[in-house]
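Take a look at the structure set out below.
The values are calculated or read from the model by the stated rules, or taken from the named source; none is laboratory data. Owing to the predicted nature of the structure, the values given are computational and were not obtained by experimental measurement. Every residue, glycine among them, receives a Cβ derived from its backbone with ideal geometry; neighbour counts consider all protein chains shown.
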Amino acid sequence: MRVAYLTNQYPRTSHTFVRREIAALEELGVEVERFAIRPAGEDLVDERDRAELGRTRVLLDRGVLGLAAGLALALVTRPAAAARAAAAAVAMGRRSERGVARHLAYLAEAALLVRALERSCASHLHAHFGTNSAAVARLCRLLGGPPYSFTVHGPEEFDAPHALSLPAKIADAAFVCAISSFGRSQLYRLVPRREWEKIVVVPMGVDEAFLDEALARPVPAAPRLVCVGRLCEQKGQLLLVDAVARVVAAGREVHLRLVGDGELRAAVEERIAHHGLRERVEVVGWADTERVREELLAARALVLPSFAEGLPVVLMEALALGRPVLSTFVAGIPELVRPGECGWLVPAGCVDSLSAALAEVLDASPEDLAALGTAGRRRVAERHHVRAGAHALRERFARGGGGADTTS
């Protein structure tokens, strides 16, 4: 079986879960062609991502002339399909903040993609994210390409589902993956009941790089915490710095490592300086898989005070390594993190609750933290091994997406 994967940018440091999913499918004997709409646009710190770069075909590498030629060929060789796809592109563009012109560019990208898929003999196209990659996949199908599916992660898709034409993308898809029951429920809200059967939960997962028991280490006694994620508004790092300042003012010792980078890095570093926390809070930038694993193992717990999410894979990674997590009652997170069993959950945006929970993490004994981490590891092994998701995807690819049930 040969399928194709499409994302807006691939590989990316923050999209390790896509690489793991592809690797798990290939271990099951599925041949996977990688496509991205645009170049990664960042320095890749993980050698596995750098290896993926060489395996990925980028549609925009063909340039404006290449896009124009591909679209012209589609208009000549398949005029009826091209007319249907153009009408869909215009309709999506009118709903979108990005406009009609951008969606006609997606049509040109889809025309290139449909030819590439014909040459590769891919029987199915799967896109990650319900944004522009799903738009190109839909237009590719309307141009005569193979059946498509896509994975909705959130929160972006849930913030503007109609501007993204999610109902239309779902209607034309063979099936649609949500990464949590919460995500599935949000997609149910957008489509008629008859469409529900094609929306399935296929959780993101981790592999043996985190689940290998040989990696286990005792929880450290040192008051060290870690937060891993893009430095952006939705992850809540600014609030986390404020909460750490309160913990320090209360007389507790704490050291926090912020692993990641992004548009809010300057603001985060400014907030750290404002509170006089440069000796206690450090921004270390992006890290490869091994570095992330070491940062998690060196900490008592992972802290991720997100305002909006899908279901962060880094929570699974921390729990798989036996580290409890402190996060928020947001989206799919409560489906994984059970307060008192494998960590703490606090209301999103509440610095009082966050600082109080940080104090509890710092006051807990290593033995108590280890018990929470062990319970979390069991949950991840049972619910979030990447191999299980790959099996579910392979089965649906093989049958063209038909006959999907609505249970996770």
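Would you call residue 256 farther than 30 Å from residue 185 by Cβ and outside the structural domain of residue 15 (by TED's automatic domain parsing)? Reasoning before the result, please.
Values: farther than 30 Å from residue 185 by Cβ: yes; outside the structural domain of residue 15 (by TED's automatic domain parsing): yes.
Yes; evaluated as a whole, the condition is true for this residue.
Quick one: how many residues across segment 103-149 are outside any helix (DSSP H, G or I) and either in contact with a helix residue (DSSP H, G or I) (Cβ under 8 Å, 6 or more places away or on another chain) or under 16 Å from residue 75 (Cα atoms) (or both)?
At the first step, the residues of segment 103-149 found to be outside any helix (DSSP H, G or I) are 121-131, 143-149.
If we keep only those that are either in contact with a helix residue (DSSP H, G or I) (Cβ under 8 Å, 6 or more places away or on another chain) or under 16 Å from residue 75 (Cα atoms) (or both) as well, we get 123-131, 143-149.
Final tally of qualifying residues: 16.
Just to be sure, is residue 16 in the same structural domain as residue 145 (by TED's automatic domain parsing), in contact with a helix residue (DSSP H, G or I) (Cβ under 9 Å, 6 or more places away or on another chain) and outside any strand (DSSP E or B)?
On the way: in the same structural domain as residue 145 (by TED's automatic domain parsing): yes; in contact with a helix residue (DSSP H, G or I) (Cβ under 9 Å, 6 or more places away or on another chain): yes; outside any strand (DSSP E or B): yes.
So residue 16 fits the description; yes.
When segment 351-365 is examined, which residues are found to be crowded, with 16+ Cβ neighbours inside 10 Å and not aliphatic (A, V, I, L, M)?
353, 355
Hey, among the residues in segment 288-329 that are within 15 Å of the chain's Cα centre (by Cα), aliphatic (A, V, I, L, M) and farther than 20 Å from residue 239 by Cα, which one's surrounded by the most Cβ atoms within 10 Å (Cβ to Cβ)?
Residue satisfying both the conditions and the ranking: 316.
Which one is surrounded by the fewest Cβ atoms within 10 Å (Cβ to Cβ) among residues in segment 70-97 that are touching a residue at least 24 places away in the same chain (Cβ under 8 Å) and within 29 Å of the chain's Cα centre (by Cα)?
Per the stated criteria, the residue is 97.
May I ask you to list the residues in segment 263-282 that are buried (at least 18 other Cβ atoms within 10 Å of the Cβ) and not in a helix (DSSP H, G or I)? Don't jump to the end; show me each part of the working.
Step one: list which residues in segment 263-282 are buried (at least 18 other Cβ atoms within 10 Å of the Cβ), which gives 264, 268, 271-272, 277, 280-281.
Passing the criteria: 264, 277, 280, 281.
Take residue 253 and decide whether it is in a loop (DSSP other than H, G, I, E, B), in contact with a His (Cβ under 9 Å, 6 or more places away or on another chain) and closer than 25 Å to residue 363 by Cα. Full working, then the answer.
On the way: in a loop (DSSP other than H, G, I, E, B): yes; in contact with a His (Cβ under 9 Å, 6 or more places away or on another chain): no; closer than 25 Å to residue 363 by Cα: yes.
Taking the combined requirement at face value, the residue does not satisfy it.
Determine if segment 161-172 includes at least one residue that is more than 24 Å from residue 379 (Cβ to Cβ) and among the basic types (Lys, Arg).
Quick first cut of segment 161-172, residues more than 24 Å from residue 379 (Cβ to Cβ) only: 161-172.
Filter again for among the basic types (Lys, Arg), leaving 169.
Yes, segment 161-172 contains at least one residue that is more than 24 Å from residue 379 (Cβ to Cβ) and among the basic types (Lys, Arg).
State whether one or more residues within segment 164-179 are surrounded by fewer than 24 Cβ atoms within 10 Å (Cβ to Cβ), closer than 20 Å to residue 20 by Cβ and either touching a residue at least 12 places away in the same chain (Cβ under 8 Å) or in the same structural domain as residue 81 (by TED's automatic domain parsing) (or both).
no
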